[in-house]
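Worksheet: the structure to be examined is printed underneath.
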Amino acid sequence: MRRFGTWIASVFFALVLLWVATGPEQADLTLYDADAVLERVGDGHLSPKAGRVFNGNFQRQTFFGAFYVGKSGHFGWAAGRHSLAEAHTEARAYCEQEGPGDCTAYAIVVPANYDPDRPGLTGRQSMSDVRHAKWFHRGRPVVFAMCNSGAWALARSKDGPALRHIFVRQRAQGLAGDKGRPAKLGEPVCRAYRGTVTRLKG
């Protein structure tokens, strides 16, 4: 019986360590709900192919986005990401995958009401957030997960408080499959957070 009690204590301790190691980080989230604005940030040259993509598909994208060009005419872009930093990283990686590593930023896509000095994480609001809108105005922390591929998820009440951060991260991971990501970026990474969520409408 004593041995069994020791085993139970060991299992409990291991679970506590797992919870601490995988537990949610503290961070607040700002969700932008506004029109997307395209801004030119560089003077690079667009090749005919890059021009077609930039003036077509890229200009129809939502924030956050970035378009990179190289001197040999190669290019890369990313959009629909959580932050401008993520969009820059991925667009540059796509560009460098297509040609020499001389890629520079040509344009970005941000929300019309974007505040680069606002602390915390940023994200895109989607229609699926509407059912959670009541959570955003209570001012109390919630658990959510975000992936660097642009996927994210809010915890659900049925997830249970102790394992909520694990379930929400798994849910976001299931939405994060992006087979076209450059190999140098690796697989999408999803992290769980706990903090307040604020919606900024345009």
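One residue alone among Gly150, Gly177 is open to solvent by 20 Å² or more (accessible area, probe 1.4 Å) and modelled with pLDDT under 75, and that residue is Gly177.
Within the range 83-99, can one find any residue that is within 23 Å of the chain's Cα centre (by Cα), modelled with pLDDT of 85 or more and in a strand (DSSP E or B)?
Keep residues of the range 83-99 that are within 23 Å of the chain's Cα centre (by Cα), which gives 83-97.
Narrowing further to those that are modelled with pLDDT of 85 or more: 83-97.
Next, from what is left, pick out any that are in a strand (DSSP E or B): none.
Taking every residue of the range 83-99 in turn, none turns out to be within 23 Å of the chain's Cα centre (by Cα), modelled with pLDDT of 85 or more and in a strand (DSSP E or B).
Residues checked against (1) open to solvent by 50 Å² or more (accessible area, probe 1.4 Å); (2) not hydroxyl-bearing (Ser, Thr, Tyr):
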| site | (1), (2) |
| --- | --- |
| Glu39 | yes, yes |
| Gly56 | no, yes |
| Phe67 | no, yes |
| Gly76 | no, yes |
| Ser83 | no, no |
| Glu86 | yes, yes |
| Glu96 | yes, yes |
| Gly101 | yes, yes |
| Val109 | no, yes |
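Inspect all residues belonging to the range 131-140 and state whether any of them is at pLDDT 70 or above and either of a type outside the set (Gly, Ala, Ser) or in a strand (DSSP E or B) (or both). Yes: one or more hits. Across the range 100-130, the number of residues qualifying as over 30 Å from Ser72 (Cβ atoms) and either at pLDDT 90 or above or of a type outside the set (Lys, Arg) (or both) comes to 18. Taking the range 51-75 on its own, how many of its residues are outside any loop (DSSP other than H, G, I, E, B) and without any contact (Cβ under 8 Å) to a residue 40 or more places away in the chain? Going through the range 51-75 one residue at a time, the tally reaches 9. Annotation note: Cβ proximity below 8 Å between a residue of the range 144-156 that is within 14 Å of Phe64 (Cβ to Cβ) and hydroxyl-bearing (Ser, Thr, Tyr) and a residue that is open to solvent by less than 10 Å² (accessible area, probe 1.4 Å) and assigned to a loop (DSSP other than H, G, I, E, B) (sequence gap 6+ or interchain) occurs for Ser149/Ala176.
Here Gly44 passes the criteria (1) within 30 Å of Tyr114 (Cα to Cα); (2) modelled with pLDDT of 85 or more except the one numbered (2).
The values are calculated or read from the model by the stated rules, or taken from the named source; none is laboratory data. These numbers come from a predicted model, not from an experiment. Cβ coordinates were reconstructed from backbone atoms using ideal geometry, including for glycine residues, and neighbour counts include every protein chain displayed. Remember, those area values only see protein heavy atoms, side chains included, never the ligands or the DNA or RNA. Shrake-Rupley method; radii C 1.70, N 1.55, O 1.52, S 1.80 Å.
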